[in-house]
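Colleague: Dumping the structure here so I can ask a few things about it.
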Amino acid sequence: MAMGRSLLLLGRKRQTPKQVCCSEHTAAKENRKSLLQHHLDRSPFLGREGDVIGSRPRPAAPRSSDFRVENGAEEEVPGAALLKMARITLEELNEMSDEVLDEEDEPMDGEEQNRLFTHWETVASTHQVSLPQEMAGPIVQMTRNNQAREPVPYATLSQHEKCEELAYEERLYPAGKWACITKQEPKYEQTISMGFMKLIRYICKENSLGRHLGMTVPVINEIQLNKEGTELLQEVTTAYYLPEEFQHSPPLPLDPEIQIQERAPFHVITRVFYGTTTEETILREIRLLWELLGSTDNVLRETYVVAAYQNPAVPDRRNEIWFIRRAD
C-alpha cells in the first residue's frame, strides 16, 4: 500500500513556482467573484418583491453619545424592510470589501465593475435618477476604501424625554469646513441623490489631491419651506463635513458646482426618525418636533436640516430632523 502511494506521488508532475502562483491567482479571483455574487444575490438587487431582508427589530432611539467623536465610531443601526425595488447599500459594499479585498490588492476586472455599476443603476432608478457612467470609478473607490466613517463632532447641551424615551436633544456643532452643493430637481429624493453623487465623486478622487478623502456622517441636506410651511422648496443644499485631516487645508473640488464653505458654530434641536425621506415624511417630522417644542421664537421657521447617516438606498435608514437655533 505504501509503495503504491509512493508510485502515485512519483507519477504526479510537480508544479513550478510560476504555475503555483497562477493557480493561487485564479483561485483568489474565483473566490472574489463568488463572494461578489453572494452579496449581490443575498439582498440588494435580485430579491423578489415581498422578500424580507435583514428582518430585525428597530433599535430604540440612540443615545447622544452613540455618534459622538469621543466614541470614535458610529453605532450601526440594523435595517428591516420589505423590498419592493432592488437596492444595494454602502454597508454591503463595505462588508464585501472586507471579505473580498483584504487579501487582494489587484483591481476588479471589467465584469465585476460592470455588475456593480449595473446594480447601482437600478438603485438610482428607484429614485428616478439616471446614473452617469462617470460614477463607475467612484463606486469601485467606495468599495475599496471602506475606512470607518468619521462622525461630525458636536457637544450635547441637553436631552429631553417623553414617556421615558429620548424625544429630542440640543447640540452645538463647532465651526468647520464643509463641501456643499446646491441642486434643484422636481422631487426631493431626486435632488439629494444628484447632490450626493456629485459629492461622492469629490470624496473619491475628483479633488486637487486626486485621492480618496474618507467618509463623514451625517451628510446634511438644508431645506426651505414656503411661507405657509406646507411645502418644501425644490432647491436643496447638500453638505459633507471634511474629515479632521483636511479641516485646515481642504482639497479643492474639480467640479465647479461644489463649494468649500467655512461655517460658524451652530446650535440645533434634533430628533431621530427612520425610513425614507420623502417630502411627506419630512413635513410630518417637522410637525412632530414642533408639537414637542410648543410655541417658541428661538428657532428658524423656514429653514431646516435633514441629517442622513446612511445612503439613500437604505429603506429603514437613520435620519434626524434639525431645527436651527437663532443666533444670539
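Colleague: Quick one: Val306 ticks every box in (1) loosely packed, with under 14 Cβ neighbours inside 10 Å; (2) touching a residue at least 60 places away in the same chain (Cβ under 8 Å) bar one, so which box is it?
Modeller: Only one criterion is unmet by Val306, namely (1).
Colleague: Sort out which residues of region 258-277 are within 20 Å of the chain's Cα centre (by Cα), of a type outside the set (Lys, Arg) and under 27 Å from Asp316 (Cα atoms), and write them in order of number.
Modeller: Thr270, Val272, Phe273, Tyr274, Gly275, Thr276, Thr277, listed by residue number.
Colleague: Next up: Considering only residues that are without any contact (Cβ under 8 Å) to a residue 24 or more places away in the chain and of a type in the set (Asp, Glu), look in region 268-303 and name the one that is nearest to Ser158 (Cα to Cα). Write out each step before concluding.
Modeller: Here is the first cut: in region 268-303, the ones without any contact (Cβ under 8 Å) to a residue 24 or more places away in the chain are 280-281, 284, 287-288, 290-291, 294-296.
Cutting the leftovers down to of a type in the set (Asp, Glu) gives us 280, 291.
Numbers: Glu280: 28, Glu291: 18 Å.
Filtering first and then ranking leaves Glu291.
Colleague: Here's a check for you: in region 243-271, which residue that is under 21 Å from Cys204 (Cβ atoms) and among the β-branched types (Val, Ile, Thr) is surrounded by the fewest Cβ atoms within 10 Å (Cβ to Cβ)? It would help to see each step written out before you state the result.
Modeller: So in region 243-271, the residues under 21 Å from Cys204 (Cβ atoms) come out as 243-247, 249-261.
Going one step further and asking which of them are among the β-branched types (Val, Ile, Thr), we end up with 258, 260.
Working: Ile258: 21, Ile260: 15.
The qualifying residue surrounded by the fewest Cβ atoms within 10 Å (Cβ to Cβ) is Ile260.
Colleague: Residues being more than 17 Å from the chain's Cα centre (by Cα) and more than 30 Å from Trp290 (Cβ to Cβ): count how many of those fall in region 206-230.
Modeller: 6
The numbers here are math on the coordinates, done by the rules we state, and not lab data. Everything quoted here is computed from the prediction, not taken from an experiment. Positions of Cβ are generated from backbone atoms using ideal geometry, with glycine treated the same way; all protein chains shown enter the neighbour counts.
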